[in-house]
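Just so you know, all these numbers are worked out from the coordinates, no wet-lab data involved. Just so you know, these numbers come straight off a predicted model, no measurement behind them. Here the Cβ positions follow ideal geometry from the backbone for every residue, glycine too, while neighbour counts run over all protein chains shown.
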Amino acid sequence: MASLTLKNINKIYDNNVQAVFDFNLDVKDGEFIVLVGPSGCGKSTTLRMIAGLEDITSGSLIIDGKDVTKMPAKDRDIAMVFQNYALYAHMTVYENMAFSLTLRKENPNIIHEKVLAAAEILGLTDQLNKKPKQLSGGQRQRVAMGRAIVRTPKVFLFDEPLSNLDAKLRGATRREILLLHKRLGTTMLYVTHDQTEALTLADRIVCMSMGYVQQIGTPLELYDTPANIFVASFIGLPPMNFFEGKIENGYFVSKFFSAPLSDEQKALLSQYEGKEIILGARPENIVQDDNGYININVTLNENLGQNTLVHGSINGHKITAKFREWCEYRSGDKVSAKINRMHFFDKETTSAIR
Amino acid sequence: MNGNIDIKKDRLRYTKNSTSATFAYVAILFNVFYFVSIYNTDVGNYYYTIDIGISVICNLLFLLFTFLCSEGVKGYKMSYSVAFIPLGIFQLVRIFGIPMDAYNTILHLEGKDVPVMLKDQFIWLIVCLIASAIACFIAAAIGINKTKTLRNYEKQIGA
């Protein structure tokens, strides 16, 4: 296990494109950190810098109190699991898992014990004599993880390890990774663009956009108190609905609806009286109410079993609501609703108003 | 100590018998040396008989079968391990074929006695064939031993 500190990390490529801006993060011993963000936001670059596969342009990387910024990848004692598994096709599962230890010239008996122990953890004991091509995608990814486990590294890095798997397998492998973390208790950094993976796996999430860290916090913090409009729109499925409007006499007034504010909200927004702000409402926070102030003109009704997603518009502005009931609205139906949890954002800075 | 022995045996279940295979490659290597060295001298028409064709075929067959056995023995197959024994014997028997005959043959060419094969070449060919044979026997011994060990261990653990 190891703690990890990234201080003012910047990455500028040779073509002067800056991929990461002033990245700061303290990772505690045994913590599971997920870096999440859209493609091109710099999350994989950050992970590769930690692994030593990319040079750090400026800033410092400290593992267990030791500055490893300039240290070669092989000496960092970090294991990385890639999206494409990176297994040797001509080797068996056993040989793939044992390979790194064989290169280190470890005792073959110790290698054997480590490989069997890792295979036991990952449920691969019966597959040890098979070649990667004989395995399913999930099993191959487990082999890749096994190869990392046998090294007993200080830090595990996962670069979108589930992206090549189908939805069902992704869910199962995700749970396996979570169990693996609980079992090993090793520090793990995991990169994904899938917010479900981020929310289910992470102790803390680092949400990134355009090379900048947008917010660092627990999954609940990011979901419940997003720092800005980007985080609010990125975390949560379906994404949050946004409405531009003004605060006027205790109401949020927009051209779509007027919503009364609670005393607490009035106090919070007292400085914004008469100013333009943005109201955010998660689909699950929009509830049906016969006396509601929102009138949704339904365009599509999606039944998900437990919930119903109702897509519609309010005066031409698109809105998605997630009702807990089984609904059977038809296109053109009107639904009266209200928002039971509102998020407010400064229109100029896009930051959350707190 | 017992634990170590069991781990060693258990390892056989997941690792290839690369030692036997390596010795098979050594046997092949020495046979190649033999193959490229035997026709170095071309005295008169000594080599222009059916024997040369048989000799070339023997060399190719040896290379083919030894390579096949090297692959088979990796997977602890007893038959492939045992097959190295006749291959080794075959290499020893070949000493008494062309090399011995060529070494003992003296041709009368243009009024002179010309030996077909000089002593240095003969010794080198003998060394190649014996080394190849020894490598085959070692590959066989290791293969048989490891295969037996693995089979017994598998019986013991009920695998």
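Can you tell me the orientation of helix A:137-149 relative to chain A, as the angle in degrees between its alpha-carbon axis and the longest Cα principal axis, to the nearest 10?
Roughly 60 degrees between the two axes.
Taking the alpha-carbon centroid of each part, what is the distance from the range A:90-135 to the range B:133-159 in angstrom?
22 Å
How high is the relative contact order of the range B:15-157, given as a whole-number percent (alpha carbon pairs under 8 Å, six or more residues apart)?
Relative contact order, the range B:15-157: 40 percent.
Determine ³J(HN,Hα), in whole Hz, for all residues of the range A:40-52 in sequence, where each value follows from phi through the Karplus function 6.51 cos²θ - 1.76 cosθ + 1.60 and θ = phi - 60°; x replaces Gly and Pro.
Residue by residue, the range A:40-52 yields x, 8, x, 5, 5, 4, 4, 5, 5, 5, 5, 6, x Hz.
Based on the Cβ-Cβ distance of A:Leu268 and A:Asn291, what FRET efficiency does E = 1/(1 + (r/R0)^6) give at R0 = 41 Å, to the nearest 0.05?
Efficiency computed from Cβ-Cβ geometry: 0.95.
Can you work out the FRET efficiency for the pair A:Thr57 and B:Ile157, with r the C-beta to C-beta distance and R0 = 60 Å, to the nearest 0.05?
Using R0 = 60 Å, I get an efficiency of 0.65.
Write down the Å³ per residue value for the convex hull defined by the alpha carbon atoms of the range A:4-234. Present the calculation step by step, with values, prior to reporting the outcome.
Working: hull volume 29.4 nm³, N = 231.
Expressed per residue, the convex hull around the Cα atoms of the range A:4-234 is 127 Å³.
Distances longer than 17 Å among the Cα atoms of the range A:241-346: what percent of all pairs is that?
Of all Cα-Cα pairs in the range A:241-346, 50 percent lie more than 17 Å apart.
Measuring from centroid to centroid over Cα atoms, what is the spacing of the range A:1-36 and the range A:55-84 in Å?
Taking the Cα centre of the range A:55-84 as reference, the centre of the range A:1-36 is 10 Å away.
Among A:203-211, B:119-127, how do they line up by average Cβ neighbours within 10 Å per residue, starting with the highest? Walk me through the numbers before you get to the answer.
Numbers: A:203-211: 21.9, B:119-127: 15.2.
Descending packing order for the listed peptides: A:203-211, B:119-127.
Counting other C-beta atoms within 10 Å, which of A:His317, B:His108, A:His112, A:His193 has the fewest, and how do the rest follow? Let's see the in-between values first.
Numbers: A:His317 15, B:His108 9, A:His112 21, A:His193 18.
The fewest-first ordering by Cβ neighbours comes to B:His108, A:His317, A:His193, A:His112.
Sorted from largest down, give the three principal axis spans of the alpha carbons of chain B, whole angstrom values.
75, 28, 18
Of all DSSP beta bridges located in the protein assembly as shown, what percent are antiparallel, nearest 5? Can you show the working numbers first?
Working: 60 of 79 bridges.
Rounded to the nearest five, the antiparallel share is 75 percent.
What relative contact order, as a whole-number percentage, does the range A:241-346 give when Cα pairs under 8 Å and 6 or more residues apart are counted? If you can, show how the numbers build up before the last one.
Numbers: 235 pairs, mean separation 31.6, N = 106.
Dividing the mean separation by the residue count of the range A:241-346 yields 30 percent.
Taking loop as defined by DSSP and a crowding limit of 11 other beta carbons within 10 Å, which GluC sites (Glu not before Pro) in the range A:228-331 fit? Spell out each step's value before the answer.
Numbers: sites: A:Glu244, A:Glu248, A:Glu264, A:Glu273, A:Glu276, A:Glu284, A:Glu302, A:Glu325, A:Glu328; in loops: A:Glu325, A:Glu328.
The qualifying sites are A:Glu325, A:Glu328.
Return the FRET efficiency for the residue pair A:Asp29, B:Ile89: r is the Cβ-Cβ distance, R0 is 51 Å, and the value is rounded to the nearest 0.05.
It comes out at approximately 0.20.
In the range A:4-234, what percentage of the DSSP-assigned beta bridges are antiparallel, given to the nearest 5?
Working: 18 of 36 bridges.
Within the range A:4-234, antiparallel bridges account for around 50 percent of the total.
Between A:Asn109 and B:Leu63, what is the spin-label point distance in nm, taking each point 7 Å from the Cα along the Cα→C-beta axis?
About 4.2 nm separates the two model spin labels.
Evaluate peptide B:8-14: per residue, the Cβ atoms of other protein chains within 10 Å of its Cβ; return the mean as an integer.
Per residue, the average neighbour count from other chains is 5.
What is the sum of charges, Lys and Arg at +1 and Asp and Glu at -1, for the other residues whose Cβ falls under 9 Å from the Cβ of B:Leu150?
Residues near B:Leu150 contribute +4 overall.
Once every DSSP H run of n ≥ 4 in chain A is given -39500 (n - 2.57) and the sum is divided by its residues, what mean residue ellipticity at 222 nm do you get, rounded to the nearest 500 deg cm²/dmol?
Values: 9 runs with 91 residues, N = 354.
Calculated mean residue ellipticity at 222 nm is -7500 deg cm²/dmol.
According to a simple spin-label model (label point 7 Å from Cα along Cα-to-Cβ), what is the distance in nm between B:Asp51 and B:Met78?
It works out to 4.1 nm between the two label points.
What distance in nm separates the simple spin-label points at B:Val114 and A:Val17, each placed 7 Å from Cα in the Cβ direction?
7.3 nm
Most exposed first by the Cβ proxy, i.e. fewest other Cβ within 10 Å, how do B:Asp113, A:Asp26, A:Asp14 rank?
A:Asp14, B:Asp113, A:Asp26
In Å, the Kirkwood hydrodynamic radius of the protein assembly as shown over pairs of distinct alpha carbons?
Kirkwood hydrodynamic radius for the protein assembly as shown: 29.1 Å.
Would you mind calculating the gained length between A:Lys246 and A:Thr152 on full extension (0.36 nm times residue separation, minus the Cα-Cα distance), in nm to one decimal?
28.3 nm is the gain from fully extending A:Lys246 to A:Thr152.
Once you order the gyration tensor axes a ≥ b ≥ c over the Cα atoms, which shape class does the range A:5-122 get: rounded for a/c under 1.5, otherwise prolate or oblate by comparing a/b with b/c?
Details: a/c = 2.15, a/b = 1.88, b/c = 1.15.
Since a/c reaches 1.5 and a/b is larger than b/c, the shape of the range A:5-122 is classed as prolate.
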